[in-house]
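One structure is given here, and the rest of the page talks about it.
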Amino acid sequence: MTDINSNELLEHIFSITENLYKEMCCADDDVSDDHSRIFRLLTDLGRTLVNADRASFWKWDKRKHELWTTAAVGTGRITIPEGTGMVGKALAMRKAIITNDPYNHPDFNSDVDKRTGYLTKSILVMPISNCKGEFIGAYQAINKLDNDGRFDLEEDCRRLSLAAFICGITLESQSFLDDSQHDKLTELKNRMGFYNDYKNNYSKILADIQNPRSVSMFICDIDFFKKVNDTYGHNAGDAVLKHVADIFSRNSRICDGVYRWGGEEFIVILPDTNLKGAADIAERMRNLVKDSVCHFEDLDIKVTMSFGCEELNPMKSIEDNIKEADEKLYKAKESGRNIVIV
């Protein structure tokens with residue numbers, strides 16, 4: 001698509017918006033709630049509006065301090081540290097930026113071009129905000145296909161504003177959902193996040209009888225946690241919870257799910273791991289916690305944890321599987337705590 005008349009442009013826009021409407025109306029239980037298909041359509045809408053060769057929609061993940069594409073036309077997912085690249089520059093400046101000479105622009109990263117052989121000639125980045133005016137993402141269009149291949153800051157931002165506005169609303173909705181599935185204190189996923197991940201990921205692994213894979217879990221809690229609160233205060237207790245959550249996060253695989261189950265209890269889901277493997281991982285976590293020190297103000301607080309391990313049985317509900325693991329945790333506490341029970 002290079003030069004395009006008004007009727008062709010409107011027809012393309014109407015086709016995309018029709019698909020957007022269908023996505024919103026025809027979602028079912030098999031569709032993930034991460035909005036990825038909607039973002040892909042919105043990305044294509046923006047690319048069409050400014051007549052660009054490629055486009056990508058970027059999310060600013062402030063929890064992980066990174067920027068990543070939730071959808072990209074012409075390339076796969078890319079993750080970069082926040083504040084870097086032209087996307088980071090536009091968000092820092094809080095305004096749209098363009099370059100029609102990217103290889104001489106100080107914020108342009110040419111690594112993708114070097115890997116793929118693609119030649120970037122022009123770039124437009126437009127920050128996207130939520131209803132409070134907080135910037136939460138950015139839209140990037142690459143290589144203008146008309147106007148001698150050059151983006152016009154005023155005219156193309158005016159054209160792109162429709163897609164950017166809808167993207168902002170959609171991203172804000174996704175952010176609300178994401179926040180509801182995370183524990184504010186530890187930043188781990190909470191019980192709601194656990195059930196969402198189980199439905200969308202782990203249950204499907206267990207249901208695949210053609211490619212059987214083990215999924216295990218352990219449930220654990222901090223020994224004598226009430227004593228920590230009673231002795232040092234609830235702020236110290238919060239520091240201990242964050243300390244344990246950080247140990248679990250830093251020492252888990254990307255594929256593992258780490259959740260704050262409630263109070264001082266945590267659950268870890270371990271794909272492609274049998275019961276023995278889960279016990280080994282739990283034992284390693286137990287030792288890491290036992291040998292660590294939580295520094296809070298002028299205090300050095302040490303705690304231990306008890307663990308109950310279970311390999312998930314696909315013939316049982318997730319609630320029954322959790323109950324089995326919880327019974328083993330109870331046995332660990334009865335057996336003197338600071339122990340892994342299989």
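Bear in mind these aren't lab numbers, they're just calculated from the coordinates by the rules spelled out. Remember, predicted model here, so these are calculated numbers, not experimental data. FYI the Cβ positions are ideal-geometry reconstructions off the backbone, even for glycines, and counts take in every protein chain you see.
Once the other residues with Cβ under 14 Å from the Cβ of E297 are scored (Lys, Arg +1; Asp, Glu -1), what is the net sum?
Once positives and negatives cancel, what remains is -2.
As an exercise, find the ratio Rg/Rh for the chain from alpha-carbon atoms, using the Kirkwood inverse-distance average for Rh.
1.07
Rounded to the nearest Å, what's the spacing between the alpha carbon centres of region 264-340 and region 147-162? Just the number, please.
Using only Cα atoms to place each centre, the spacing works out to 55 Å.
Name the residue farthest towards the positive end of the dipole of region 191-341 from the options H243, I222, C255, assuming +1 on Cβ of Lys and Arg, -1 on Cβ of Asp and Glu, about the Cα centre.
Selected residue: C255.
Provide the per-residue ³J(HN,Hα) series for region 205-210, in order, calculated from phi with Karplus coefficients 6.51, -1.76, 1.60 and θ = phi - 60°, each as a whole number of Hz, with x at glycine and proline positions.
Karplus-based 3J(HN,Hα) across region 205-210 equals 5, 5, 7, 7, 6, 6 Hz.
For region 185-255, max minus min Cα coordinate along each principal axis, in Å, sorted largest first?
Rounded to whole Å, the extents work out to 53, 20, 19 Å.
Show me, for region 136-143, the HN-Hα J-couplings you get by feeding each phi into the Karplus relation (A = 6.51, B = -1.76, C = 1.60, θ = phi - 60°), rounded to Hz, glycine and proline as x.
Along region 136-143, the couplings run 10, x, 7, 10, 10, 10, 10, 6 Hz.
Suppose only helical runs count, i.e. DSSP H with n ≥ 4. What mean residue ellipticity at 222 nm does that imply for the chain under -39500 (n - 2.57) per run, divided by all residues and rounded to the nearest 500 deg cm²/dmol?
Mean residue ellipticity at 222 nm (helix-derived): -14000 deg cm²/dmol.
Tell me, Kirkwood radius of region 142-231 from alpha-carbon pair distances, in Å?
18.5
Do any of K22/K184; K64/K132; K59/K184; K132/K242 go past 23 Å between their Cα atoms, and which?
Result: K22/K184; K132/K242 exceed 23 Å.
For the chain, what are the DSSP H helices with axial Cα length of 20 Å or more and mean Kyte-Doolittle hydropathy of at least -0.5?
6-25, 36-50, 153-180, 234-250, 275-290
Which one, V50, Y103, I142, projects farthest toward the positive side of the charge dipole computed for region 6-176 from Cβ point charges (K/R +1, D/E -1)?
Y103
For region 6-176, what value does the Rg/Rh ratio take when both radii are computed over Cα atoms and Rh is the Kirkwood radius, given to two decimals?
0.95
With point charges of +1 on the Cβ of Lys and Arg and -1 on the Cβ of Asp and Glu, referenced to the Cα centre of the chain, which listed residue (G83, C309, H12) lies farthest in the positive direction of the dipole?
Positive-most Cα among the choices belongs to C309.
Do you know the relative contact order of region 191-341, to the nearest whole percent, from alpha carbon pairs under 8 angstrom that are 6+ apart?
Normalised by residue count, the contact order of region 191-341 is 29 percent.
For region 161-219, give the magnitude of the charge dipole about the Cα centre (Cβ charges: +1 Lys/Arg, -1 Asp/Glu; no others), in debye to the nearest 20.
Once rounded to the nearest 20, the dipole reads 260 debye.
Debye calculation, C-alpha points only, no solvent: report log10 I(q)/I(0) for region 243-290 at q = 0.15, 0.22, 0.33 Å⁻¹, in the same order as the q values.
Debye curve over Cα of region 243-290, log10 I(q)/I(0) at q = 0.15, 0.22, 0.33 Å⁻¹: -0.36, -0.80, -1.43.
Long-range amide H contacts for H182: which residues qualify at under 5 Å (H placed 1.01 Å from N, peptide plane, sequence gap of 5 or more or a different chain)?
N190
Taking the Cα centre of the chain as origin, sum charge times position over the Cβ atoms of Lys and Arg (+1) and Asp and Glu (-1), and report the length of that vector in debye to the nearest 20.
The calculated dipole for the chain is roughly 540 debye.
Would you work out the charge dipole size for region 277-342 about its Cα centre, treating the Cβ of every Lys and Arg as +1 and the Cβ of every Asp and Glu as -1, and quote it to the nearest 20 debye?
Its charge dipole is roughly 180 debye.
Applying the Karplus parametrisation 6.51 cos²θ - 1.76 cosθ + 1.60 with θ = phi - 60° to the phi angles of region 213-224, what ³J(HN,Hα) value in whole Hz is obtained for each residue in order, glycine and proline being reported as x?
9, 7, 10, 10, 8, 9, 10, 8, 9, 7, 5, 6
Percent relative contact order of region 6-176, based on C-alpha pairs within less than 8 angstrom and at least six residues apart?
Worked out over region 6-176, it gives 23 percent.
Which of A90, A239, A141 moves most in a GNM of the chain, Cα contacts under 10 Å?
Fluctuation is largest for A239.
Given Cα pairs under 8 Å that are at least 6 residues apart, what percent is the relative contact order of the chain?
Across the chain, relative contact order equals 12 percent.
Quote the convex hull volume per residue of region 191-341, based on C-alpha atoms, as a whole number of Å³.
In region 191-341, the Cα convex hull volume per residue is 102 Å³.
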